[in-house]
Amino acid sequence: HAMQLKFEKRLSGGLWFLTSYTFAKSLWSVNTPTAGSRYAVERGPSEYQVPHSFSFSSGYELPFGKGKHFLDNANRLANGLIGGWQMQGILLFRSGVPYTVSMSRDVANTGVGGQRPDRLASGKSSDPTLARWFDPTAFVAAPNFTYGNAGIRILSPDIIRTIDFSLFKQFQIAERAKLQFRFEAFNLPNTPSFAAPNATLDTATVGRVTST
């Protein structure tokens, strides 16, 4: 299921912007031997579910040079240096794909690893840190020879957020030839977006984020 919204506008003076937002819910049913009996049918978020995705992009033709608000009377050399510049930017926020809390040992004694613990509380942390992204005390190992009740992909990792920026100019060097100068910066503020934490309950690094 999804809802998509888009708003686009072009203004005078070479300014434009595009805003889009998507809310999505993707569920699937999968046969898994880690959740009960031999191949229990389990329903939950799919491995590619991204609940929220927001992007804002904008572009602007700088008002300098021939036909622009400033320096319209600039000579050819000055117009070649300062005229015709454009800049664009993209702001992105997106949910991370949810993850599953599991056990490393074969609690149910079925020969299949990656089984689930019992869930006592939500497991969401009110103040997630890289050392403890979720609350491991909300989960306990199921009794021996049984399966835990924790569901599939019940917790969410860090959001993805980034700003990309470009500044460019196109030079007309011949009737059929153009040269473009472009400066681009990806993730301009150098902000990290962290991957899901270690979600294996019976390990020393449970809850710890180790990658981006």
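Throughout, read-outs are computed from the coordinates displayed, never taken from laboratory work. This is a predicted model, so every value here is computed, not measured. Cβ atoms come from the backbone with ideal geometry, glycine included; neighbour counts cover every protein chain shown.
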Checklist entry - Of all DSSP beta bridges in the chain, what percent run antiparallel (nearest 5)? => result 95 percent
Checklist outcome for this item: Ordering 161-169, 11-19 by per-residue average of other C-beta atoms within 10 angstrom, highest first, gives 161-169, 11-19
Item to check | Of 68, 124, 178, the one that fluctuates the most in a GNM where the chain has Cα springs shorter than 10 Å | outcome: 178
Checklist entry - Mind checking which of 92, 81, 120 has the largest fluctuation in a GNM of the chain, springs on alpha carbons under 10 Å? => result 81
Checklist outcome for this item: Per GNM of the chain with C-alpha springs under 10 angstrom, the most fluctuating residue out of 42, 61, 175 is 175
Checklist entry - For the stretch 127-133, in order, what is each residue's ³J(HN,Hα) by Karplus, 6.51 cos²θ - 1.76 cosθ + 1.60 with θ = phi - 60°, in whole Hz (x at glycine and Pro)? => result 9, x, 10, 5, 7, 8, 6
Next on the checklist: Suppose the chain between residue 29 and residue 120 were pulled fully straight at 0.36 nm per residue; how much longer would it get relative to their current alpha carbon spacing?
Outcome noted: 30.4 nm
Checklist entry - For residue 70 and residue 82 in the same chain, what is the full-extension length gain: residue separation times 0.36 nm, less their Cα-Cα distance, in nm? => result 3.3 nm
Item to check | Size of electric dipole in the chain: Cβ of Lys, Arg +1 and of Asp, Glu -1, about Cα centre, debye, nearest 20 | outcome: 560 debye
Item to check | Local net charge near residue 23, Cβ-Cβ under 14 Å (Lys/Arg +1, Asp/Glu -1) | outcome: +3
Next on the checklist: Sort 192-204, 145-157 by packing, meaning the average of other beta carbons within 10 Å per residue, with the highest value first.
Outcome noted: 145-157, 192-204
Checklist outcome for this item: Among [x] 17.1; [y] 13.9; [z] 11.0, the entry matching mean projected area of the Cα convex hull in nm² as calculated here is [x]
Checklist outcome for this item: Taking the dipole of the chain about the Cα centre (Lys, Arg +1; Asp, Glu -1; charges at Cβ), the one of 148, 91, 133 that reaches farthest to the positive side is 91
Checklist entry - Size of the dipole of the stretch 94-212 about the Cα centre, Lys and Arg at +1 and Asp and Glu at -1 on the beta carbon, nothing else charged, in debye to 20? => result 380 debye
Next on the checklist: Within the chain, how many Lys pairs that are eight or more residues apart, or on different chains, come under 18 Å at the alpha-carbon?
Outcome noted: 4
Checklist outcome for this item: Residue span residue 173 to residue 203: 0.36 nm per residue of separation minus Cα-Cα distance leaves a gain in nm of 4.5 nm
